[in-house]
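What follows is a set of notes on a single structure, which appears directly below.
The values are calculated or read from the model by the stated rules, or taken from the named source; none is laboratory data. These numbers were taken from a predicted model, which means no experiment stands behind them. Note: ideal-geometry Cβ built from the backbone for every residue, glycine included; neighbour counts use all protein chains shown. The accessibility values were calculated without ligands, DNA or RNA, using every heavy atom of the protein model including side chains. Shrake-Rupley method; radii C 1.70, N 1.55, O 1.52, S 1.80 Å.
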Amino acid sequence: MIDVTAGEETADDARARANVMRLAAAQALTGANSAVIFATGSIVGASIAPSLSLATVPLSMYVVGLAAGTLPTGAISRRYGRRIAFIIGTGCGTLTGLLGSLAILRGSFPLFCFATFLGGLYGAVAQSYRFAAADGASAAFRPKAVSWVMAGGVFAGVLGPQLVQWTMEIWPPYLFAFSFVMQALVALVAMAILAGVDAPKPAQADLHAGRPLLEIARQPRFIAAALCGVIAYPMMNLVMTSAPLAMKICGLSVGDSNFAIQWHIVAMYGPSFFTGALIARFGAPAIVAWGLLLEATAATIGLSGITAMHFWATLVVLGAGWNFAFVGASALVLETHLPQEKNKVQAFNDFLIFGMMAIGSFSSGQLLANYGWSAVNMVVYPPVALGLVVLALVSFARRRGRLAAVDEFPEPSI
């Protein structure tokens, strides 16, 4: 019986590894699409918006799309399978590129905002790639599968900015118009790759199986995982989106800003090559805690100076901290649900994260403009402290529960 089980786990992990390769490639391509939006969105907005104060609205619409797309992604995956959700997502990504290019050519600010909103929907679907990688995998392989898919983002950090650099002036005087056409083509390539993912449609019996969502969400383990995700991602986004403007205010060049953001993206995804192994070795809660501490360290560096090196170090440490905290929190979520509950639980978790990001994205610019770069960094400390306390309490309670179980059912003496 043990040999049969081991054989089944080996077969499942072989299937999961094949999926991981496709999902990691799709992660790179989808990340390149979002990199195009973040690299060009505020510049295009400033050139076609009715007021300069609205220049960053396209980026906020992208984050709103992220939040709006999480629950529908889970519902579609639950009823029709993940592959269908992936195809719909890449379809939204293709429309993002085509409508974004058309909006630039016509000078239509509302159309450009709608295009970036669709880009957010595409990004919401992409957030499920990390969970899809763990489907059917053994418990030991799941953290590695999540981590390896996230590693695809390293290539996004290189591909996205280069895509903009190579194509931004091909259709003068319409800066970035051809970049969005290329973005549409990249989304189509991702669609072709994802069409080969082995993600069968859920069994009909699973549609109504499992516990109610509220019951699952009330678990201390889920509360800790979701809270740490809600803290890690929005805090990273707050500092990252404020940094380029803060660097400009401090008299640094656009080149300095681009260099810092590019290495921030590399730091966000680079650790994914070994984060899964660290989770398997030390446990997800420990890695989440280290990630949150690194985010607090990044804020401390940001408070210590305003040179180019200070900003670069802040963003690199921030990116690494986000990786540990977010990948670790994602691994924690996988421990809180049954297989038939995965889509609704994972979608709800992402809805909480990106819903909070959507709220924060509209306030980050105001925080920087009204209170300065120091205030942006100071905001990081209280949420991080809260996350660490909740994580410690849940881990302590779980450890006590295990010890109580051992005391209640002691091993027989030989």
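Inside the range 267-326, can you point out the residues that are under 24 Å from Tyr371 (Cα atoms), outside any helix (DSSP H, G or I) and either of a type in the set (D, E, K, R) or in contact with a Leu (Cβ under 9 Å, 6 or more places away or on another chain) (or both)? Result: Ile306, Thr307.
Could you please let me know if Ser242 is modelled with pLDDT under 85, in contact with a Leu (Cβ under 9 Å, 6 or more places away or on another chain) and either closer than 23 Å to Ala298 by Cα or not acidic (Asp, Glu) (or both)? When the stated conditions are applied, Ser242 passes them. Checked against (1) open to solvent by less than 10 Å² (accessible area, probe 1.4 Å); (2) farther than 30 Å from Arg106 by Cα; (3) polar (S, T, N, Q), Gln183 passes all but condition (2). Within the range 23-42, not a single residue is modelled with pLDDT of 75 or more, over 17 Å from the mean Cα position of the chain (by Cα), more than 16 Å from Gly123 (Cβ to Cβ) and of a type outside the set (Ser, Thr, Tyr).
When Leu334 is tested against the conditions (1) touching a Lys or Arg at 6+ places or on another chain (Cβ under 9 Å); (2) open to solvent by 40 Å² or more (accessible area, probe 1.4 Å), the lone failure is (2). Taking the criterion of being more than 21 Å from Val20 (Cα to Cα), surrounded by fewer than 19 Cβ atoms within 10 Å (Cβ to Cβ) and hydrophobic (A, V, I, L, M, F, W, C), would at least one residue in the range 278-287 satisfy it? Within the range 278-287 (the criterion being more than 21 Å from Val20 (Cα to Cα), surrounded by fewer than 19 Cβ atoms within 10 Å (Cβ to Cβ) and hydrophobic (A, V, I, L, M, F, W, C)), the answer is yes, since at least one residue qualifies.
Looking across the range 59-95 at every residue that is open to solvent by less than 30 Å² (accessible area, probe 1.4 Å) and in contact with a Phe, Trp or Tyr (Cβ under 6 Å, 6 or more places away or on another chain), the one that is nearest to Lys344 (Cα to Cα) is identified as Thr70. Can you confirm whether the range 341-348 contains a residue that is farther than 29 Å from Gln262 by Cα, surrounded by fewer than 22 Cβ atoms within 10 Å (Cβ to Cβ) and modelled with pLDDT of 85 or more? The answer is yes, given that some residue of the range 341-348 is farther than 29 Å from Gln262 by Cα, surrounded by fewer than 22 Cβ atoms within 10 Å (Cβ to Cβ) and modelled with pLDDT of 85 or more.
Each residue in the range 314-324 was checked for being in contact with a Ser or Thr (Cβ under 9 Å, 6 or more places away or on another chain) and open to solvent by 10 Å² or more (accessible area, probe 1.4 Å), and 2 of them qualify. Does Val158 satisfy the condition of being open to solvent by 50 Å² or more (accessible area, probe 1.4 Å), more than 24 Å from Leu338 (Cβ to Cβ) and either touching an Asp or Glu at 6+ places or on another chain (Cβ under 9 Å) or outside any loop (DSSP other than H, G, I, E, B) (or both)? Yes, satisfied. Leu121 - would you say it is surrounded by fewer than 24 Cβ atoms within 10 Å (Cβ to Cβ), assigned to a helix (DSSP H, G or I) and at pLDDT 90 or above? So Leu121 does not fit the description; no. Candidates in the range 161-180 are the residues that are of a type in the set (A, V, I, L, M) and either at pLDDT below 85 or open to solvent by 40 Å² or more (accessible area, probe 1.4 Å) (or both); of these, the one that is nearest to Leu29 (Cα to Cα) is Leu163.
Does Ala224 count as open to solvent by 30 Å² or more (accessible area, probe 1.4 Å), assigned to a helix (DSSP H, G or I) and over 15 Å from Val316 (Cα atoms)? Spelling it out, it is not the case that Ala224 is open to solvent by 30 Å² or more (accessible area, probe 1.4 Å), assigned to a helix (DSSP H, G or I) and over 15 Å from Val316 (Cα atoms).
For every residue, the table says whether it meets (1) farther than 18 Å from Leu391 by Cα; (2) polar (S, T, N, Q); (3) touching a residue at least 40 places away in the same chain (Cβ under 8 Å).
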position	(1), (2), (3)
Phe274	yes, no, yes
Ala277	yes, no, yes
Gly283	no, no, no
Trp290	no, no, no
Gly302	yes, no, yes
Met309	yes, no, no
Ala313	yes, no, no
Gly319	yes, no, yes
